[in-house]
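Report on the structure given below.
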Amino acid sequence: MRGSAAPGRGIAFTLLGGALLTANDAVLKWLSGDYPVGQLLFVRGLFVLLAISVIVWRSGGLAVIRINSFKAQSVRAGLAFTSGFLFISGLSFLPLADAIAITFAGPLFVTALASPLLGEDVGWRRWLAVFIGLLGVMVMIRPTSEAVQWAALFPLAGSLSGALRDITTRKISAHETSMSILAFSTTAVILFGLCTLPFGWSSVTLKDLGLMGLSGMFVGGAHFLLIERFRWAEAALLAPFKYANMIWAIIFGFVLWGDLPDAWTFSGAGFVVVCGLYIVRREALTARQRRLS
């Protein structure tokens, strides 16, 4: 759609969807010390698929999840699993807010990879923003011999995988529906997670099964809101509000574990957020100039 039909609703959906995603991350961090990541992805995926089934039913049935390119969908699904696996692995070792702050590097990676993989023209200003933003990531990771920040490489690698996933999504979105992409990737993540069964799964308590189900509901609800938001507002308007996830992460991290980000994390995250917002602004200006030319 052109323009923003109801920007307030779009912003509200973005904030609420981000809160649900962060709540899901908090639940997964809580469970990651007792269960293998593959098992968590498998059980959560089952509940997510249930939520997707309800959305598909409301959206008109199986026609909305018709697959046009199995190969392209498979590539994206593999990247989605890799991204989730790496991020959840990092949650086992890092405070929630630190892990989420590092994932803000994702848009920087998308911009850097858009030129070689999509042939998009990335000007020197955006390249400079990418460089400064990655310096901010290095501030957060602070790779010294003393700090045990090697765990930060998990969400960082997850961000890179997520960037490749998003670029693949750009390529296939012209001929694949949002719901078909979401349903296919969720089903694939379930199967990938099941493949980890021979490496040893843990017995699930009824309480933890409920938490895994809650995680799935959070993810399903979040994706529904994050898809719906674009019906009401433009992407450029909504992009800055995704950084509110950091606020949710600080709240959940402090309430559940008593964690607060240190000055290094705040400083590095500040660089990344500012550079990410600048890139969004430049992309919006470039897109507007193309439409007018």
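The values are calculated or read from the model by the stated rules, or taken from the named source; none is laboratory data. This one's a predicted model, so the numbers in the text were calculated from it and none came from an experiment. Cβ sites come from the backbone with ideal geometry, for glycine too, and all protein chains shown count toward neighbours.
Looking at Leu209, is it surrounded by fewer than 16 Cβ atoms within 10 Å (Cβ to Cβ), modelled with pLDDT of 85 or more and either touching a Phe, Trp or Tyr at 6+ places or on another chain (Cβ under 9 Å) or within 26 Å of Thr177 (Cα to Cα) (or both)?
Judged against the criteria, Leu209 is not a match.
Tell me, please, whether a residue that is within 24 Å of His223 (Cβ to Cβ) and either more than 19 Å from the chain's Cα centre (by Cα) or small (Gly, Ala, Ser) (or both) can be found in segment 272-283.
yes
Only one of these is at pLDDT below 90 and in contact with a Phe, Trp or Tyr (Cβ under 7 Å, 6 or more places away or on another chain): Val148, Val122, Val139. Name it.
Among Val148, Val122, Val139, only Val139 is at pLDDT below 90 and in contact with a Phe, Trp or Tyr (Cβ under 7 Å, 6 or more places away or on another chain).
Check segment 191-198 and report whether any residue there is under 21 Å from Leu91 (Cβ atoms), polar (S, T, N, Q) and assigned to a helix (DSSP H, G or I).
No, the conditions are met nowhere in segment 191-198.
Determine, yes or no, whether Gly119 is in contact (Cβ under 8 Å) with a residue 40 or more places away in the chain and of a type in the set (Gly, Ala, Ser).
no
Is there a residue in segment 9-28 that is at pLDDT 85 or above, of a type in the set (D, E, K, R) and more than 26 Å from Met212 (Cα to Cα)?
The answer is yes, given that some residue of segment 9-28 is at pLDDT 85 or above, of a type in the set (D, E, K, R) and more than 26 Å from Met212 (Cα to Cα).
Residues of segment 26-71 being under 28 Å from His175 (Cα atoms), among the hydroxyl-bearing types (Ser, Thr, Tyr) and in a helix (DSSP H, G or I), which ones?
Answer for segment 26-71, where residues must be under 28 Å from His175 (Cα atoms), among the hydroxyl-bearing types (Ser, Thr, Tyr) and in a helix (DSSP H, G or I): Ser53, Ser59.
Six or more apart or on different chains, Cβ under 7 Å: which pairs go from a residue in segment 246-270 that's assigned to a helix (DSSP H, G or I) to one that's surrounded by 14 or more Cβ atoms within 10 Å (Cβ to Cβ) and among the acidic types (Asp, Glu)? Could you list them?
Note: pairs meeting the criteria are Gly253/Asp259; Thr265/Asp98.
Can you name the residue in segment 72-108 that is aliphatic (A, V, I, L, M) and not in a helix (DSSP H, G or I) and is also nearest to Arg44 (Cα to Cα) among such residues?
Once the filter is applied, the top-ranked residue is Leu94.
Pairs, please: C-beta under 8 Å, at least 6 apart or cross-chain, first residue farther than 15 Å from His223 by Cα and in contact (Cβ under 8 Å) with a residue 24 or more places away in the chain and in segment 164-189, second part of a helix (DSSP H, G or I) and of a type in the set (Lys, Arg)?
Matching pairs, first to second residue: Arg165/Arg76; Thr168/Arg76; Ile172/Arg76.
List every residue pair whose Cβ atoms lie under 9 Å apart, where the two residues are 6 or more positions apart in sequence or sit on different chains, the first residue falls within segment 222-237 and is modelled with pLDDT under 75, and the second residue, located anywhere, is outside any helix (DSSP H, G or I) and surrounded by fewer than 18 Cβ atoms within 10 Å (Cβ to Cβ).
Qualifying pairs under 9 Å: Phe230/Met1; Arg231/Met1; Arg231/Ala5; Arg231/Ala6; Glu234/Met1; Glu234/Arg2; Glu234/Gly3; Glu234/Ser4.
For segment 275-291, how many residues meet the condition of being surrounded by fewer than 14 Cβ atoms within 10 Å (Cβ to Cβ) and of a type in the set (A, V, I, L, M, F, W, C)?
Summing the residues that are surrounded by fewer than 14 Cβ atoms within 10 Å (Cβ to Cβ) and of a type in the set (A, V, I, L, M, F, W, C) in segment 275-291 gives 2.
Val54: touching a helix residue (DSSP H, G or I) at 6+ places or on another chain (Cβ under 6 Å) and within 18 Å of Gly220 (Cβ to Cβ), yes or no?
The answer is no for Val54.
Taking segment 210-245 only, how many residues are assigned to a helix (DSSP H, G or I) and out of contact with any helix residue (DSSP H, G or I) (no Cβ under 7 Å at 6 or more places or on another chain)?
4
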